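The values are calculated or read from the model by the stated rules, or taken from the named source; none is laboratory data. Small disclaimer: the values here were computed from a predicted structure and weren't measured. Ideal geometry is used to build each Cβ from the backbone, glycine not excepted, and the neighbour counts take in all protein chains shown. The area values use the complete protein model at the heavy-atom level, side chains included, leaving out ligands, DNA and RNA. Shrake-Rupley method; radii C 1.70, N 1.55, O 1.52, S 1.80 Å.
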Amino acid sequence: MNPFSARRSSVAGTKPCLVALVGNPNTGKSTIFNRLTGLRQRIANYPGVTVDRKSGRMRLEAGDFEIVDLPGTYSLTAVSHDERVVMDVLGGRRNMQRPDLLVFVLDATNLKRNLFLVSQAAELGLPTLIALNQCDAARRNGLRIDAARLSRRLGVPVIETVGSNGLGMDELKAAIVEALEAPCFLPRIAWPECITAGCVMLRDGICTLGCKDISDAEVLRVLFDRESVYTEPVLEKLRLRDLIHEAHDGIRSSGLSPGSVEAVLHYRHIETLLEGVVESSGPIARTRESVDRLLLHRVWGTLIFFGVMYAVFQSLYTWAAPMMDLVSAGTDWVQTWVAGFLTGTPVLQSLVCDGILAGVGGVLVFLPQILLLFFFISVLEDTGYVARAAFLMDKLFGWCGLNGKSFVPLLSGYACAIPGVMAARTIEDPKARLTTILMTPFMSCSARLPIYILLIGTFVEPLHGPYVAGWVLFFMHFVGVGVALPLAWVLNRFFLRVKPLPFILEMPDYRLPILRNVVHRMWERGREFVLRAGTVILAFSVIIWALLYFPHEESVATGARAEFVQIQSAERPEAAVLAALQNPESPTSLRLANYVDAAYIEQSFLGRFGKTVQPVFDPAGFDWKITVGVLSSFPAREVIIATMGIIYNLGSDVDEGSTDLRTVLQKEKWTSGSRIGQPVYTMPVVFAIMVFFALCMQCGATVAVVAKELNWWWATASFFGMTALAWVAAVAIYQTARMIPILMS
Amino acid sequence: MRTLEMLTPGILARIEAIQSDCDRAGRLSSLGFIPGQWVKVIRLAPLGDPLTVEFDGQEISLRRSEARLITLEPAGGAG
């Protein structure tokens, strides 16, 4: 009996047995997890870190079993917090239930490296079972594996499986039940004297430094991982560092290198385990080589890469549009339908329709893009192309702290930051992932397009022609990325204290994607977005609605009406105006309604706030109307057009092509201050607005998603950081351009 | 000193040591970059970095900055 086993006896009626799936990335672990649990899955975060904790129920005749799918890892090294999760679960730390059984999912095509994790985990002394996955691929590669012999050597059951078609799943389920009744343990490797002595010394030292409950397996991590997270409770870091140094000196004096001794010993152990187990029938010309020669070719590979990325981008930008329109139309229909029931209570009607339903629609409208992007990501990951794409692109992004895998999130950001930020999960390195998430909102998403088109079409095109206008639009799409990459460099160089991981990529074999997995992943991500980020987006929507609606005093409407009649009477007899207003469908009535809406927005809390803070935006050349427009677009930048429509008395039903709106903007003049009588929209102001929109985080949904993917601290920091940056850039552009008189036309 | 970074693609070489005490050494060695292992660079990325190394039937890509940490046994001993 292994002295370190701490197996909980699972009596019927108490908690179900916990089975943990462990293995390297790309071994088909998730496929086996899906096969074992079906749709009875839950995703949550591990305590304290945003690492997915995927768990599910496996229902068998023998009872219910709780299965947890641990993040794929090559070793138990616990340097980053993401990796720590695996050791935490296996060690039963942070109030987590210790697994009753470990199921290792190994890639049969690369048994040696896969056994490294197994050999390391033997130290934990947990009951173990091995699923030898992708046996079909191993056979195709000319490998013959004697599973029975491997099982005898390891002392634990070895089940051959093929996750993609479900082969061996019944045997695996039966083996799990059996292994829980009669547990088997892995043999631990014999450490040389210098290491055992080092461990004893470290253990005593750590105990006296106030960290009493450290296990033997964890002491090994402290010894080998230089800055292990298990030493966090130890306050006297210097003392601990001395202890580790002392232990390392002991290892060195035995002629071994502390950096690689662990791997060397484990691999030596694995070599003996594998003797006579794997037989290779000579090198087989594998298809991957010829495919790689094409896909990683200097010219063709790069062209294919851009072709694939173009297809992904087009699908987000163009193909998602009809589905998004459908969601918007559905929202409109429901709003109108519900509004019919609430005509008696205007406040409730506005809250339900413009606040809640608009918010729900604002959440659902992102779903088509999220589902499409994760469809492509799943397919590209399952086939093995993502690793190739990262290999091709790494050099372009490495210099600023991102890596080759940042390309897909950043590109997706050009359609919409939400799926882009979620796509950053494919990046294993926490530092590169953090930087990628922070930079994605800078990409020129499709919601920025309307304001560019409106302003360029109204001011640049009439003056300089469509050719220049086209170039300006093209240039605007690079403002964000042009600022983001140097910013990423600065962040990484001076601010981010997270340690970068080396960018080490395994180039997996090419495989056919499994539809079942792809659909599962789309469903998972979509559900997660709606449940986790959706609630926050809805809350934002209701808050902004309230700020734009209240105080909504009746006197505002009466005053606006009187004013409107007075203005109209200048053109024709007052009686004619009043007569026209009798008919609610007349053009005059509609104009009055728009006029009243404009008065309400001006008198709303947000309108008053806009007027108060206008001096802040004055150095960028913004008047109070632009300021209110900018402020009201913080929850979603695309509403700027509708808000401007309301502010300029045209109603919310305008779009970026509206000639009425364009004419009003061209004629708009300052009504107060030093620039009284001058046009508001001069060229410097137009560019200041566009650059502001290019750099500002005017998207509540993105803030919510960043908060869910990282935390609220980063979400807040990136919101204020981007807003400040946008303000500085807008002011700089306005002030610089103002010095060039020709631009002030 | 010869490092993996300098290795001509297509040539076999044996790893001598991992030149680093930091946790990058642990990470590289856990993937099988250990002294005595035969390795071969099979490909460079179009922009010259990263590079792909083949050994033990697996292909691993790493950046030049990491390849630099892996020293190789002097040429000539290769069999």
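Miscellaneous remarks
- For the protein assembly as shown, taking Cα atoms only, Rg and Dmax work out to 31.6, 107 Å respectively.
- Rounded if a/c under 1.5, otherwise prolate or oblate - segment A:424-526, Cα gyration tensor axes: oblate
- The residues of segment A:655-700 present an accessible area of 39 Å² per residue when probed at 1.4 Å with all protein chains retained.
- Area buried, chain B against chain A - accessible surface, total, 1.4 angstrom probe, square angstrom: 3300 Å²
- Charge tally around A:M87: other residues with Cβ under 9 Å, Lys/Arg +1 each, Asp/Glu -1 each, net 0.
- Candidate aspartates and glutamates for bridging to B:K40, where Cα separation is under 12 Å - those fewer than 8 sequence places away on the same chain excluded: B:E5, B:E54, B:D56, B:E59
- You can think of it this way: the chain between A:F474 and A:A570 has 30.0 nm of extra reach, that is 0.36 nm per residue less the Cα-Cα gap.
- Carbon/sulfur fraction of accessible area - segment B:4-72, other protein chains in place, 1.4 Å, %: 49 percent
- Summarising the strand pairing of chain A, around 50 percent of its internal DSSP beta bridges are antiparallel.
- Whole-number accessible area per residue in Å² for segment A:85-157, which is evaluated in the context of all protein chains at 1.4 Å: 27 Å²
- Where labels lie 7 Å past Cα in the beta-carbon direction, separation of A:E279 and A:L578 in nm: 10.6 nm
- Packing rank of A:728-740, A:655-667, where each peptide gets the mean count of other beta carbons within 10 Å, highest leading: A:728-740, A:655-667
- Between the Cα long axis of helix A:534-549 and the first principal axis of chain A there is an angle of about 20°, rounded to the nearest 10.
- Neighbourhood net charge (11 Å Cβ-Cβ; Lys/Arg +1, Asp/Glu -1) for A:V158: 0
- Charge tally in the Cβ shell below 12 Å around A:L631, where Lys, Arg are +1 and Asp, Glu are -1, A:L631 excluded: +4
- Cross-linked pairs A:K54/A:K112; A:K405/A:K431; A:K625/A:K667; A:K29/A:K708: Cα-Cα separations exceed 20 Å for A:K54/A:K112; A:K29/A:K708.
- Once the Cβ-Cβ distance of A:V481 and A:W523 is raised to the sixth power relative to R0 = 35 Å, the FRET efficiency obtained is 0.65.
- In chain A, the DSSP-assigned H stretches of four residues or longer account for a calculated mean residue ellipticity at 222 nm of -18000 deg cm²/dmol, using -39500 (n - 2.57) per stretch and the full residue count as denominator.
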